[in-house]
1. May I ask you to verify whether residue 146 is among the hydroxyl-bearing types (Ser, Thr, Tyr), without any contact (Cβ under 8 Å) to a residue 60 or more places away in the chain, part of a helix (DSSP H, G or I) and out of contact with any strand residue (DSSP E or B) (no Cβ under 9 Å at 6 or more places or on another chain)?
2. Identify all residues within region 145-178 that are touching a Ser or Thr at 6+ places or on another chain (Cβ under 9 Å) and of a type in the set (S, T, N, Q); write none if there are none.
3. Can you tell me how many residues within region 159-197 are of a type in the set (Val, Ile, Thr) and within 19 Å of residue 28 (Cα to Cα)?
4. Could you count how many residues in region 116-129 are surrounded by fewer than 18 Cβ atoms within 10 Å (Cβ to Cβ) and closer than 30 Å to residue 209 by Cβ?
5. Would you point out the residue of region 149-179, among those that are open to solvent by less than 30 Å² (accessible area, probe 1.4 Å) and touching a residue at least 40 places away in the same chain (Cβ under 8 Å), that is farthest from the chain's Cα centre (by Cα)?
6. Looking for whichever is in contact with a helix residue (DSSP H, G or I) (Cβ under 9 Å, 6 or more places away or on another chain), part of a helix (DSSP H, G or I), free of Cβ contacts under 8 Å to residues at least 40 places away in the same chain and closer than 30 Å to residue 117 by Cβ here; the options are 91, 56, 40. Which one fits?
7. So for region 101-113 (the condition being free of Cβ contacts under 8 Å to residues at least 12 places away in the same chain and either open to solvent by 60 Å² or more (accessible area, probe 1.4 Å) or out of contact with any His (no Cβ under 9 Å at 6 or more places or on another chain) (or both)), does at least one residue qualify?
8. Applying the selection to region 13-65, what residues are open to solvent by 60 Å² or more (accessible area, probe 1.4 Å) and touching a Phe, Trp or Tyr at 6+ places or on another chain (Cβ under 8 Å)?
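The values are calculated or read from the model by the stated rules, or taken from the named source; none is laboratory data. Remember, it's a predicted structure, so these values are computed and weren't measured experimentally. A quick note on method: Cβ atoms are made from the backbone with ideal geometry, for glycine too, and the neighbour counts reach across all protein chains shown. To get the accessible areas, we keep the full protein, side chains included, count just its heavy atoms, and leave off ligands, DNA and RNA. Shrake-Rupley method; radii C 1.70, N 1.55, O 1.52, S 1.80 Å.
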Amino acid sequence: MRTLFTAEMSELAGDLVAMSRHVESAISRASEALLTQNVELAQAVIADDAKLDDLEETVDERCVLLIAQQQPVGLDLRSIISALRISASLERMGDLAQHIAEAARRAYPESAIPSEHAEIIEEMTVAAKKAAAEVIELLETRDLNTAAGIVSDDDDLDKLHSRAYKTLLDPAYTGSTQETLDISLLARYFERFGDHAVAVSRRIVYLVTGDHTGDRARI
């Protein structure tokens with residue numbers, strides 16, 4: 001029975017890595033679609049979100065079965081509950097990538113990014129893609145340095161989010177209502193993406209160290 005349980009836990013870990021790889025692909029393609037006005041790519045990201053939803057459902061079902069059939073306790077139970085929470089964060093990251101793609105599609109053939117905000121949004125795409133790659137690495141290795149890197153990336157996204165909002169409040173800002181709405185939403189999507197990456201990071205830190213004092217994400 002223990003051998004079977006170990007195999008099922010390994011499959012669960014593999015499902016989470018598969019979800020994280022899907023998230024990395026989604027945010028990378030959504031960012032490219034946003035920056036290059038590539039409506040076909042944006043549409044592909046939107047369509048593929050259903051695959052991530054299916055993966056989350058698979059993880060949830062596996063966790064429920066493990067709890068019901070194996071009655072885990074201690075670290076095993078914490079690992080399964082953490083998997084449920086991690087899968088929820090990954091699914092939400094995919095949703096945010098979808099929202100970014102939808103913004104690109106809605107603005108097509110124009111850009112959803114006013115020229116004065118291009119640099120900020122470009123920097124946000126870089127930080128978000130880096131965070132997504134680090135989430136994959138973290139789920140594969142459970143390396144605490146990688147977990148710290150995710151938190152650092154989120155700090156960068158928070159600062160960029162603040163910069164984006166400050167430009168909208170600048171008396172010199174002359175953007176249209178639609179441009180203001182687009183930037184407000186896009187900056188928020190990227191900032192929230194980082195928050196959910198931190199949620200994953202903190203769950204893994206808790207599993208590795210047993211320290212739950214920082215196991216609260218700003219979500």
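1. Numbers: among the hydroxyl-bearing types (Ser, Thr, Tyr): yes; without any contact (Cβ under 8 Å) to a residue 60 or more places away in the chain: yes; part of a helix (DSSP H, G or I): yes; out of contact with any strand residue (DSSP E or B) (no Cβ under 9 Å at 6 or more places or on another chain): yes.
The answer is yes for residue 146.
2. Residue satisfying the conditions is 146 alone.
3. 1
4. So the count comes out to 1.
5. So the residue we want is 175.
6. Within the list 91, 56, 40, the selection yields 40.
7. Of region 101-113, the ones free of Cβ contacts under 8 Å to residues at least 12 places away in the same chain are 106.
Next, from what is left, pick out any that are either open to solvent by 60 Å² or more (accessible area, probe 1.4 Å) or out of contact with any His (no Cβ under 9 Å at 6 or more places or on another chain) (or both): 106.
Yes.
8. 37
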